[in-house]
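Participant: Please find one structure pasted underneath; my questions will follow.
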Amino acid sequence: MKISRHEHRGFTLLELVLVMVILCIAMAIAAPSLSGWSHASRLRDSAEQFLAAARFAHTQAIAECKTYRLYVDPQARTYWVTMQDGQQFVNVGSDFGQVFQLPDGVQMQVTSDSAPTVQYIEFYPSGRSMVATARFSDNAGSIDVTCRSPAEGFLIDRTGQQRT
């Protein structure tokens, strides 16, 4: 009787090392392009978070018939939402009332047609808001969040994007 033997051949150490070297070379080639991707997403996320705060202030001003303000502090790289309570503006009782901090390397500049720098953007119960542009920038480019007229809401201005 003949017993058949199945030989199971595995990988040699040399073959495993060769595959590891090829993977390391591929990772070294791809890594620089992936690092730029994380910077771009940090800038885009900052603009989208600011846009969400502006839209929140806009809708809440209409829903509650109160004036809302989106305060900005470009030097501290922060912004936050407040609402009018009598003669003063107070913190809103939600997550949008917190102080938002921009990531390291991201700068913010807010301008209006009437002023070169703006301390806050107002949202009125009528659904109107101040005309303003918030530019978020880093060393790779910039993204604008803008309101072109008092009757429009804020949006990310894709035509104003500058990427280098």
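Participant: From the residues in the stretch 100-127 that are β-branched (Val, Ile, Thr) and modelled with pLDDT under 90, which one is farthest from ALA53 (Cα to Cα)? Steps first, please.
Facilitator: Residues of the stretch 100-127 β-branched (Val, Ile, Thr): 106, 110-111, 117-118, 121.
Add one more test, that the residue is modelled with pLDDT under 90, and what stays is 117-118.
On the way: THR117: 19, VAL118: 16 Å.
The residue in question is THR117.
Participant: Would you pick out the residues in the stretch 90-124 that are closer than 16 Å to HIS58 by Cβ and of a type in the set (Phe, Trp, Tyr)?
Facilitator: PHE96, TYR120, PHE123, TYR124
Participant: Could you check how many residues of the stretch 129-138 are more than 13 Å from ALA47 (Cβ to Cβ) and without any contact (Cβ under 8 Å) to a residue 60 or more places away in the chain? Break it down stepwise before answering.
Facilitator: Taking the stretch 129-138 as the starting set, the residues that turn out to be more than 13 Å from ALA47 (Cβ to Cβ) are 129-132.
In the following step, the residues that additionally are without any contact (Cβ under 8 Å) to a residue 60 or more places away in the chain were identified as 130-132.
Going through the stretch 129-138 one residue at a time, the tally reaches 3.
Participant: For the stretch 102-127, give me the residue count where each residue is part of a loop (DSSP other than H, G, I, E, B) and either in contact (Cβ under 8 Å) with a residue 60 or more places away in the chain or more than 17 Å from ASP157 (Cα to Cα) (or both). It would help to see each step written out before you state the result.
Facilitator: The initial filter retains those residues of the stretch 102-127 that are part of a loop (DSSP other than H, G, I, E, B), namely 102-106, 113-119, 124-127.
Next, from what is left, pick out any that are either in contact (Cβ under 8 Å) with a residue 60 or more places away in the chain or more than 17 Å from ASP157 (Cα to Cα) (or both): 102-106, 114-119, 124-127.
Counting residues in the stretch 102-127 that are part of a loop (DSSP other than H, G, I, E, B) and either in contact (Cβ under 8 Å) with a residue 60 or more places away in the chain or more than 17 Å from ASP157 (Cα to Cα) (or both) gives 15.
Participant: When the residues of the stretch 128-149 are narrowed to those that are more than 22 Å from TRP80 (Cβ to Cβ) and part of a loop (DSSP other than H, G, I, E, B), which ends up modelled with the lowest pLDDT?
Facilitator: Among those that are more than 22 Å from TRP80 (Cβ to Cβ) and part of a loop (DSSP other than H, G, I, E, B), it is ALA140.
The values are calculated or read from the model by the stated rules, or taken from the named source; none is laboratory data. Bear in mind that the values here come from a model prediction, so they are computed numbers and not experimental data. All Cβ positions, glycine included, derive from the backbone under ideal geometry; neighbour counts span all protein chains shown.
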